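To start, the structure under review is shown below, and the notes come after it.
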Amino acid sequence: MTQAQTKLSFTITGFDKDPDRVAVPLVLANNALAMGSDVLLWLTLEGVQLAKKGAYDHLIPRSFPPIRDLMETFKESGGKIGVCPPCAKTHGVSNDNMADNAQWMGAAAILEENQQRQTAWF
């Protein structure tokens with residue numbers, strides 16, 4: 001008998017006002033990926049800016065590694081990103097500047113996806 005893979009979803013709503021609040025779910029997500037979990041970051045409100053290539057390069061948390069490093073680890077470890085379409089439009093995220101591991105994920109899609117996942121909001 002094999003153990004089912006843990007599926008987790010972390011929602012990030014913030015961006016540059018408090019980089020530590022962005023770093024915490026990324027640290028948790030990266031550790032979960034390292035433990036073999038299937039991890040989704042759902043970005044909404046200002047958090048959608050994390051889906052824009054290079055937008056977070058200047059974010060340096062007080063207590064954690066730079067957001068750029070955390071996002072690179074997340075991508076390299078197979079993490080997936082869901083992006084709220086209306087929020088993305090507000091913050092200038094488009095198909096042209098969106099990260100490779102990101103996909104559009106509106107309300108119905110995230111609700112369906114999260115039926116199979118443990119969730120946490122930040």
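The values are calculated or read from the model by the stated rules, or taken from the named source; none is laboratory data. Keep in mind that what you see is a predicted model, and the values were worked out from it rather than measured. Reconstructed Cβ throughout: ideal geometry from the backbone, glycine too, with neighbour counts over all protein chains shown.
Here are the numbers for this structure:
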read-out: Pair list, Cβ < 9 Å and 6+ apart or interchain, from region 1-22 residues that are within 18 Å of S37 (Cα to Cα) and polar (S, T, N, Q) to residues that are modelled with pLDDT under 95 and assigned to a strand (DSSP E or B); value: T6/Q118; S9/Q118; S9/T119; S9/A120; T11/T119; T11/A120; T11/W121
read-out: Matching residues in region 49-106 - criterion: being crowded, with 16+ Cβ neighbours inside 10 Å, among the hydroxyl-bearing types (S, T, Y) and within 16 Å of K17 (Cβ to Cβ); value: Y56
read-out: The one condition in (1) touching an Asp or Glu at 6+ places or on another chain (Cβ under 7 Å); (2) assigned to a helix (DSSP H, G or I) that L59 fails to fulfil; value: (2)
read-out: Filter result for F64 (under 16 Å from V24 (Cβ atoms) and assigned to a loop (DSSP other than H, G, I, E, B)); value: yes
read-out: Selection from region 71-111 of residues that are within 19 Å of W121 (Cα to Cα) and β-branched (V, I, T); value: I81, V83, I110
read-out: All positions within region 15-36 that are of a type outside the set (V, I, T) and crowded, with 18+ Cβ neighbours inside 10 Å; value: F15, P19, A23, P25, L26, A29, N30, A32, L33
read-out: I81, sole failed condition from (1) without any contact (Cβ under 8 Å) to a residue 12 or more places away in the chain; (2) closer than 20 Å to N114 by Cα; value: (1)
